[in-house]
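The values are calculated or read from the model by the stated rules, or taken from the named source; none is laboratory data. Since the model is a prediction, treat every value here as computed from it, not as a measurement. Positions of Cβ are backbone-derived with ideal geometry, glycine not excepted, and every protein chain shown enters the neighbour counts.
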Amino acid sequence: TDEAAITTVATELDRAGFTFVPRSAGMQNRSVECLALFRERNANILPTEALAGLKVGVYQHSTVARDLLVDLLEHFGATVVPFGRSETFIPVDTEAVSEETIAKLKEVARQHGLDAMVSADGDGDRPLVADETGTPLRGDLLGLIAANFLGATSVVTPVTSNSGIEAAGRFSVIRTRVGSPFVISGMQEALAAGRTRVAGFEANGGLLTASEFEVNGHTLKALPTRDCFVPILAALSLAASKRQPLSVVAASFNLPFAAADRLENFPVEISARLMAYLRAAPANLAAFLQPIGEVGSASDIDGLRVTLADRRIIHFRPSGNAPEMRCYAEAETETAAAALLRAGLERIRWLAHPS
């Protein structure tokens, strides 16, 4: 992830004795003004006291969003429990939350009797929301909740977002390659085609808006760059309005269970050879997946995403910026999704090293 890469570079610079000297001479510090404008943007998204009765933990770590999260949640009436603040950088990947982070969330949830926990990645553009047990909600589910909350009619999201979004959302869906530039391009194309109320989100939960939206009697201006606050507030307000635990709210969307993993240090040339082989002929793909299931249909928008005859989904995708092969799986149960993921990774290993 980008956070892990930043940490690696920072460590290398520190070992080399590098000293950072800010280039602030002659530059105006407008951070206070920017923070005030962003707070104003989010302060009217919900009715006053919309989150009253909720006890929400804020995992602050080193995210730039840590103080504003506390401020806004208290503004909407929630009881806030900040924890885990750090003055050194901590990488948090909201799309693949580490086991260590999940264990921390579960411990704090039990300790304080929380209804939910929220956080964000380092630069505050990707949300992390965990339910009352400390279990993180998927980023694409947060995007779905946010899009419904806004009343979006057209949503752009990468092909790796959950396949159940089309059925669960109150909007049409445009699928793109992975990456915010592709989502932004898709939103621009939707606007050019005359669509209105256009939003987008990624599997990491980051929300983008290409149109203005009327929310709670106020205009929310377009922000075609990732935002963590609307998904967080939308999810918490949905739980508060339904008077249901966040885990129950999440389960009510009935999205297929999803799992994802990657093979690291997987040479780029082997990835390219594998994908070329699988795309060369339907028979190649069928033979490759024969131990897993029968091929129903396939999409190569980004990598190769295969819907099996029994409706399970397996998706192979080389990383665009690292020597990694990623694998995504969807199935009706968590156990089945995990099993499909393991089988998919094993097939990749076998084809790369058939001996």
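Quick notes on this one:
- When A192, A235, A258 are screened for being of a type in the set (A, V, I, L, M) and surrounded by fewer than 17 Cβ atoms within 10 Å (Cβ to Cβ), only A192 passes.
- Of all residues in segment 96-116, those being out of contact with any Asp or Glu (no Cβ under 8 Å at 6 or more places or on another chain) and surrounded by 17 or more Cβ atoms within 10 Å (Cβ to Cβ) number 5.
- For the residues A343, A337, A331, the requirement of being surrounded by 13 or more Cβ atoms within 10 Å (Cβ to Cβ), touching a helix residue (DSSP H, G or I) at 6+ places or on another chain (Cβ under 6 Å), among the aliphatic types (A, V, I, L, M) and modelled with pLDDT of 95 or more singles out A331.
- The set of residues from segment 101-131 being acidic (D, E) and modelled with pLDDT of 95 or more comprises E107, D115, D131.
- Among (1) in a loop (DSSP other than H, G, I, E, B); (2) touching a Lys or Arg at 6+ places or on another chain (Cβ under 6 Å) - the single one N148 does not satisfy: (1)
- Top-ranked residue in segment 239-258 [being aliphatic (A, V, I, L, M) and not in a helix (DSSP H, G or I); ranked as farthest from A78 (Cα to Cα)]: A258
- Residue list for segment 237-277, filter: more than 25 Å from V56 (Cα to Cα) and either assigned by TED's automatic domain parsing to the domain that holds N204 or under 22 Å from the mean Cα position of the chain (by Cα) (or both): P256, F257, A258, A259, A260, D261, R262, L263, E264
- Residues of segment 280-323 that are of a type in the set (D, E, K, R), surrounded by fewer than 17 Cβ atoms within 10 Å (Cβ to Cβ) and out of contact with any helix residue (DSSP H, G or I) (no Cβ under 8 Å at 6 or more places or on another chain): D310, R311.
- Scope segment 163-173; condition at pLDDT 95 or above and either closer than 14 Å to I301 by Cβ or not assigned by TED's automatic domain parsing to the domain that holds R195 (or both); matching residues: V173
- Members of segment 158-187 that are farther than 17 Å from A260 by Cα and part of a strand (DSSP E or B): S172, V173, I174, R175, T176
- Residue satisfying condition, being outside the structural domain of Y328 (by TED's automatic domain parsing), modelled with pLDDT under 95, surrounded by 20 or more Cβ atoms within 10 Å (Cβ to Cβ) and not aliphatic (A, V, I, L, M), within set T160, T176: T160
- Count - residues of segment 42-73 that are touching a strand residue (DSSP E or B) at 6+ places or on another chain (Cβ under 7 Å) and either within 21 Å of L246 (Cα to Cα) or not polar (S, T, N, Q) (or both): 14
- With respect to being hydrophobic (A, V, I, L, M, F, W, C) and farther than 25 Å from L220 by Cα, A152 falls outside the description.
- Within segment 75-83, none of the residues are modelled with pLDDT under 95, among the β-branched types (V, I, T) and over 16 Å from L233 (Cβ atoms).
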